[in-house]
There are 4 protein chains.
Amino acid sequence: MGGVDGDAGSGGEAYSRGRIDKRQAIVRAAFDVFARDGYAQASVDAIAAAAGVAKPTIYNHFGAKENLFRVVMADVGRRATAATLEVLGAFPAEPDDLRAELTQLGRRLTTCFADPVSTSLRRLLHAEIVRFPDLLDEVRAGAATPVIDALAGPLARLATAGHLQLSDPIRASNQFIALIGDELPALTALGTRPAPPEQIDAVVTAGVDTFLRAFGTADNSPALGDPDPHAATTSHPT
Amino acid sequence: MGGVDGDAGSGGEAYSRGRIDKRQAIVRAAFDVFARDGYAQASVDAIAAAAGVAKPTIYNHFGAKENLFRVVMADVGRRATAATLEVLGAFPAEPDDLRAELTQLGRRLTTCFADPVSTSLRRLLHAEIVRFPDLLDEVRAGAATPVIDALAGPLARLATAGHLQLSDPIRASNQFIALIGDELPALTALGTRPAPPEQIDAVVTAGVDTFLRAFGTADNSPALGDPDPHAATTSHPT
Amino acid sequence: MGGVDGDAGSGGEAYSRGRIDKRQAIVRAAFDVFARDGYAQASVDAIAAAAGVAKPTIYNHFGAKENLFRVVMADVGRRATAATLEVLGAFPAEPDDLRAELTQLGRRLTTCFADPVSTSLRRLLHAEIVRFPDLLDEVRAGAATPVIDALAGPLARLATAGHLQLSDPIRASNQFIALIGDELPALTALGTRPAPPEQIDAVVTAGVDTFLRAFGTADNSPALGDPDPHAATTSHPT
Amino acid sequence: MGGVDGDAGSGGEAYSRGRIDKRQAIVRAAFDVFARDGYAQASVDAIAAAAGVAKPTIYNHFGAKENLFRVVMADVGRRATAATLEVLGAFPAEPDDLRAELTQLGRRLTTCFADPVSTSLRRLLHAEIVRFPDLLDEVRAGAATPVIDALAGPLARLATAGHLQLSDPIRASNQFIALIGDELPALTALGTRPAPPEQIDAVVTAGVDTFLRAFGTADNSPALGDPDPHAATTSHPT
DNA sequence: TATGAATGAGTCTTCATTCAT
DNA sequence: TATGAATGAAGACTCATTCAT
């Protein structure tokens, strides 16, 4: 829903309008069904029905269920990454209030991570990594790594500007993501339940606080004790 | 329910013995097959073959595939948690060198998290959470929450003793786990590939360092810049 | 229908009565369906229905349609050969009236060759030789060659006894078969229509006459011109 | 009906030319595919691909697969018959050396019968006779019967001229064909393997010898025992 | 309890055929 | 006429589950 798809680029030659529409419809429907039922349990029949096409049309376009799955995953991976990168792109170069900006960034990122598309993608990836070992690279090439890198840039800039004290921006980027996002799976039941926003907020706030305690400078300080005691009990990854 | 624990050793050779050992053999074999093929694709035939029993025997014991799956997941969850709690139990009450002890703890925990049993469990959980929503609670009741709690205890004690400066031990516990473990899925291809130990070590060391920068006191300080520059490239969760 | 099957031998170990019965039923039914529809068009569903079993039972027994086909063909080949060999075995060692005996042999052989089982087998063999190149050897090992050999023996004996004048019994055996049987496919529409017995008789009589004109001795002579002029128009191989 | 003949050359490269050549291309390609895969297994897709046309083009021309098959079979039947009749037409009216001429005729006929086009035609006929009972008449009308007749003419003339001693030329014609050709299927694996020319030669020589022993006169006699002992083992029809 | 055998339901895939251009 | 695209029907094969022993 991030409005990412304009670039197309996946197609090949000059399809007729109708054809490309059906292809799109199939891919969208397939993702829904895969997300709901899992790869193995998702029947091509169900996908065809959901897409409003006849079953052979799917085979005309994708050849086999496996292939369709790969296309769907790559497509969704691209969309999820694009949404996340958009969020990161909005991070200001010269933040007035670093704590506030980082907190807002964290909120937005967790929203991305908790998005149904993202969580379904993650679930399918976990579920099918054994059957499709190469899928991870395909999807991640356009998913996780770029995100880390895209955050490392601003962090490095902030360090150079004296607003942060860190020597390895990539590592810090990973740690920021970890601090604000690691509890998400537990909070959202692996993405199947919407988490109470206050709980997510609490995690993000606490994560940013810890991050700044570790890497902040005099600029961004208060940090008087822990910023707040809204407990929002949590648990570990699953 | 037959009391599966302690010995760990996920192996899969010497099944069969007295009488209820047959039930054991089925559960062990079933986990292997589920881990390899996923729930839907795992055929009861394959499980029976792997367990060295006839198919109806499985139905005599468990009634239905779904049931068997629940038993298996609960069993494995229990085993995984037990191993992790054992590691946490070994954390000394009065550590001489806090940084060193936390680092060792981190190493041991990542070893637990990267264990084939743990990662398979996590994959299956992600894969089947939609079909078995209650599974999460069942497994987590005996998995994640206790782990976080078991780590919060010592942290609180350390805070009381003045070795750490933190107000919410549960949160800190979660953050410690996040800092040392969040990159694991990326490093191990969701648990399908063994990660180079140096890379894991680097992540753990950096995680502990950040943790101490945020929560440490004069006791445990060096923190001279970043502890080390062994890059160990990383990426984000998936 | 020649009553050949007692020897079994195809089975393997100790099947229960019911199992072997079902297996037999499947093989019989499969042959009927294959003969009617051809290999490709014969649906396993149809075979299952004809055999009165469920489809998976067929797969339990034979694993795959292809396998079932091979078993069926081997089975039918065996039966057809056995029937033919029985006919040949009945040929008297010391025939009183050689012409009469050869004619009777010819009639019986043509009956064998025109038998529905034989003709269906032949049709299926022709139809599927490209897809199953090895089938020919399997079936023929127990079909054509032994028949030629079984006829060559008596012919050689007759030659030794001075009743025939020939030097290559195998060749003569082939030629006898050719003379009495080569027109059968044309007369029976490749085995799909019963040929008028008089026509077959005429072919056999003429074939035996030619055979004796070529290889006979004074013993068996009349051969006054052609034995009869009942034209029975014929045609060549198809 | 487009007038297919003479040039033979079943090849399949240089299709395409003016306009109706597309129809030709389809027919040629269809035969190749039918011959390879059988009627049922030959997909219209494969035929279209082999012919270099789009699938609907086939339907524009022939309406249905069944129809295409009939056209192809009639076409091939015509070509095969034409080739055989050409051989028979070359038989001299007044042979100098009857044995030699018959032998040469036999060789040429067996070459015709063993031709890939002929054997494929025969296989398809056997395979589909049940589904297309009328096909036999269609194809044979222009195939077998004329051949027998075309041979019966010269034989009758030879009898009249005193070079042969026979009263039923049609029957003799059939028997000649049987004697030289009946072993072909066995020797060529139903036309799927090229038979060693020596073996075919041996069969033809022996067949002609037997034919002349039965119907020859003093003219063509030697027939000293069997003409040669090059064993060339053989077997019976399939 | 343990098993060999059997089955109804469902899955992926292919095919002959048609429509709109 | 020629074709890209779409489809209803059907086929091989698998699976979770149940009898009868």
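Brief remarks on what is shown
- Residues C:ASP137 and B:ASP45, FRET efficiency given R0 of 51 Å [Cβ-Cβ distance, rounded to 0.05]: 0.90
- Computed E for B:THR192/A:ASN67 - FRET, C-beta separation, R0 30 angstrom, nearest 0.05: 0.90
- Average beta carbon contacts from partner chains per residue of B:158-167, 10 Å cutoff: 1
- Summary for C:PRO196: label point 7 Å along Cα→Cβ; distances to the equivalent points in the other copies, ascending, 4.5, 9.1, 9.9 nm.
- Peptide C:205-214 has a mean shielding of 5, counted as Cβ atoms of other protein chains within 10 Å of each residue's Cβ.
- The Cβ shell under 9 Å around D:VAL44 holds other residues with a net charge of +1, Lys and Arg each +1, Asp and Glu each -1.
- In the context of the full protein assembly, A:ASP134 retains an accessible surface of approximately 60 Å², using a probe radius of 1.4 Å and ignoring ligands and nucleic acids.
- Estimated buried accessible area (total), pair C and D, 1.4 Å, Å² to nearest 100: 4900 Å²
- Coupling constants for segment B:154-169 follow from the phi torsions by the Karplus curve (6.51 cos²θ - 1.76 cosθ + 1.60, θ = phi - 60°), and in residue order they are x, 4, 4, 4, 4, 5, 4, 6, x, 8, 9, 10, 8, 10, 10, x Hz; glycine and proline get x.
- Summarising the amide proton neighbourhood of B:LEU164: residues at separation of 5 or more, or on other chains, whose placed amide H is nearer than 5 Å comprise B:ALA159.
- Estimated FRET transfer efficiency when R0 is 56 angstrom, pair A:ARG157-A:ALA25 (beta carbons, to 0.05): 0.85
- Surface/4 of the Cα convex hull for segment B:45-96, nm²: 4.9 nm²
- Using a 7 Å projection from Cα along Cα-to-Cβ, the label point at A:ASP21 is separated from the same position in the remaining copies by 4.0, 6.1, 6.7 nm, smallest value first.
- For the rotation that carries chain D onto chain B, the axis lies closest to a Cβ at D:GLN41, 15, where the number is the distance in whole Å.
- Cα-Cα separations in segment C:14-63 greater than 14 Å, expressed as whole percent: 46 percent
- Anchor D:LYS22: aspartates and glutamates whose Cα lies under 14 Å away (excluding residues fewer than 8 positions away in-chain): D:GLU13
- Other-copy label distances relative to A:ARG36, 7 angstrom Cα-Cβ extension, nm: 3.2, 4.2, 4.3
- Volume per residue of the convex hull around the Cα atoms, evaluated for segment C:78-238, comes out as 108 Å³.
- The protection proxy used here, the mean number of other Cβ atoms lying within 10 Å of each residue, ranks peptides A:122-133, A:61-72 as follows, highest first: A:122-133, A:61-72.
- About its Cα centre, the dipole of segment A:77-180 is roughly 280 debye, where the only charges are +1 on Lys and Arg Cβ and -1 on Asp and Glu Cβ.
The values are calculated or read from the model by the stated rules, or taken from the named source; none is laboratory data. The model shown is predicted, which means the values in this text are computed figures rather than measured ones. Using ideal geometry, Cβ is built from the backbone for each residue, glycine included, and neighbour counts are taken over all protein chains shown. For accessibility, only protein heavy atoms count, side chains too; no ligands or nucleic acids. Shrake-Rupley method; radii C 1.70, N 1.55, O 1.52, S 1.80 Å.
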